[in-house]
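The values are calculated or read from the model by the stated rules, or taken from the named source; none is laboratory data. Source: prediction; values computed, not measured. Cβ sites come from the backbone with ideal geometry, for glycine too, and all protein chains shown count toward neighbours.
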Amino acid sequence: MVAQTETGIESPIQAGRTSPALWQFLREAPLGPLAILFAVVFVALFADVLAPHDPEVSVKSETGRPVKSYLPPFWMKGGSINTPLGTDFHSRDILSRLIYGARVSLLVGLLGTLAAGALGTMLGIVAGYLGGWYDQLIMRITDAWMALPTLIFAIFLASVLKPGLWNIVVILSLVFWSQYARIIRGQVLSLRERPFVQLAEVTGASTRRIIQLHILPNVMNTVMVLFSLTIGVAIIIEASLSFLGVGVPPPKPAWGLMMSEGRGPLIAGKWWISVFPGLCIMPLVLATNLLGDWLRVRLDPQLRNR
């Protein structure tokens, strides 16, 4: 059965509802990136259960005193199975801080990207469909915004706002919205010339209804691809800000902050404080980028049929 719009003209997104089931979609997905993402999400959700120690407090010995600072991983001389990946200069457990750091990276990356996507998509649709001075105003602001270097602009915003988890979310949304606005606007310019949109206009459908039923559903594939590709960059930006001391404030566990705290001890051979957070960031960002590339090919018919 072919799905029809209220105007009798088939909309591409509605026709796509007869596509294979979700499990078939997931079956084609790359297993490696999905496994990494599911593992990180699982660790972040159950950090309270998985972490052996409080990530913000020094680990106590059997006598009630804090254990030695800079304990190495358990397989090295002087290491302890009680702190498998060692301790930092405050005698805090590295493993516990890594586990809780996954929660910070995912929360900031997802929320910052969602906020940027919502803002950029809304502005892109308004500029592309309404045109006129709406388009001129929004696109000139977007052009000026995109001319700003991403990391430097993020550092500037972080220096203006106080360091904090939610401020980083705001910063990421302000940094990335322009990418969504530019790309979505171009797609909407093409969609508004399609027969199903023009016929909806002729039949007297309101602008709000046309956007909700015909424009927004047909740009969601592009939004999904942009979202998956932006998460990795957002995680890198958050880690960079925390590394520079203008991101997540201590003693909260954040991977970028942990790398920053390990700079000095790294010269003295205490590599585990900064190396382990870096090893956590690398596969997570790689997985999001690989998944984004796969979604781009999977959702683009021209690329999929090559």
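What is the residue count in segment 90-111 for residues that are in a helix (DSSP H, G or I) and among the charged types (D, E, K, R)? Write out each step before concluding.
In the first step, residues of segment 90-111 are kept if they are in a helix (DSSP H, G or I); the result is 94-111.
Add one more test, that the residue is among the charged types (D, E, K, R), and what stays is 97, 103.
Qualifying residue count, segment 90-111: 2.
Search segment 73-93 for residues being touching a Phe, Trp or Tyr at 6+ places or on another chain (Cβ under 8 Å) and more than 19 Å from Leu257 (Cα to Cα), and hand back the single one that is surrounded by the fewest Cβ atoms within 10 Å (Cβ to Cβ). Walk me through it before giving the result.
Of the residues in segment 73-93, the ones touching a Phe, Trp or Tyr at 6+ places or on another chain (Cβ under 8 Å) are 73, 80-81, 83-89.
Next cut, more than 19 Å from Leu257 (Cα to Cα) only: 73, 80-81, 83-84.
Working: Pro73: 18, Ser80: 16, Ile81: 8, Thr83: 24, Pro84: 15.
Ranking the candidates gives Ile81 first.
Considering only segment 267-276, I want to know if a residue exists there that is under 24 Å from Ala158 (Cβ atoms) and in a helix (DSSP H, G or I). First the steps, then the outcome.
First pass over segment 267-276, keeping only residues under 24 Å from Ala158 (Cβ atoms): 273-274.
This time we only want the ones that are in a helix (DSSP H, G or I), so: 273-274.
Checking segment 267-276: at least one residue is under 24 Å from Ala158 (Cβ atoms) and in a helix (DSSP H, G or I).
Taking segment 53-66 as the region of interest, how many residues are surrounded by 14 or more Cβ atoms within 10 Å (Cβ to Cβ) and either among the aliphatic types (A, V, I, L, M) or not in a strand (DSSP E or B) (or both)?
Qualifying residue count for the region: 7.
Which of the residues spanning segment 195-226 are of a type in the set (Ser, Thr, Tyr) and either assigned to a helix (DSSP H, G or I) or at pLDDT 90 or above (or both)? Before you say what the answer is, go through the steps one by one.
Kept after step one, since they are of a type in the set (Ser, Thr, Tyr), are these residues of segment 195-226: 203, 206-207, 222.
Listed by number, the residues that qualify are Thr207, Thr222.
Condition (residue is over 18 Å from the mean Cα position of the chain (by Cα) and surrounded by fewer than 18 Cβ atoms within 10 Å (Cβ to Cβ)) applied to segment 253-264: is it met by at least one residue?
yes
Conditions (1) more than 23 Å from the chain's Cα centre (by Cα); (2) assigned to a helix (DSSP H, G or I); (3) at pLDDT 90 or above, marked per residue:
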{"position": "Ile36", "(1), (2), (3)": "no, yes, yes"}
{"position": "Ala44", "(1), (2), (3)": "no, yes, yes"}
{"position": "Lys68", "(1), (2), (3)": "yes, no, no"}
{"position": "Pro72", "(1), (2), (3)": "yes, no, yes"}
{"position": "Met76", "(1), (2), (3)": "yes, no, yes"}
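Here are some conditions: (1) within 27 Å of Phe156 (Cβ to Cβ); (2) of a type outside the set (Gly, Ala, Ser); (3) free of Cβ contacts under 8 Å to residues at least 60 places away in the same chain. Arg209 meets all but one. Which one does it not meet?
That leaves (1) as the condition not met.
Across segment 134-178, what is the total count of residues that are touching a Phe, Trp or Tyr at 6+ places or on another chain (Cβ under 7 Å) and either free of Cβ contacts under 8 Å to residues at least 24 places away in the same chain or of a type in the set (S, T, N, Q) (or both)?
Filtering segment 134-178 down to residues touching a Phe, Trp or Tyr at 6+ places or on another chain (Cβ under 7 Å) leaves 175, 178.
Filter once more, so that each one left must be either free of Cβ contacts under 8 Å to residues at least 24 places away in the same chain or of a type in the set (S, T, N, Q) (or both): 178.
Residues that pass the stated criteria total 1.
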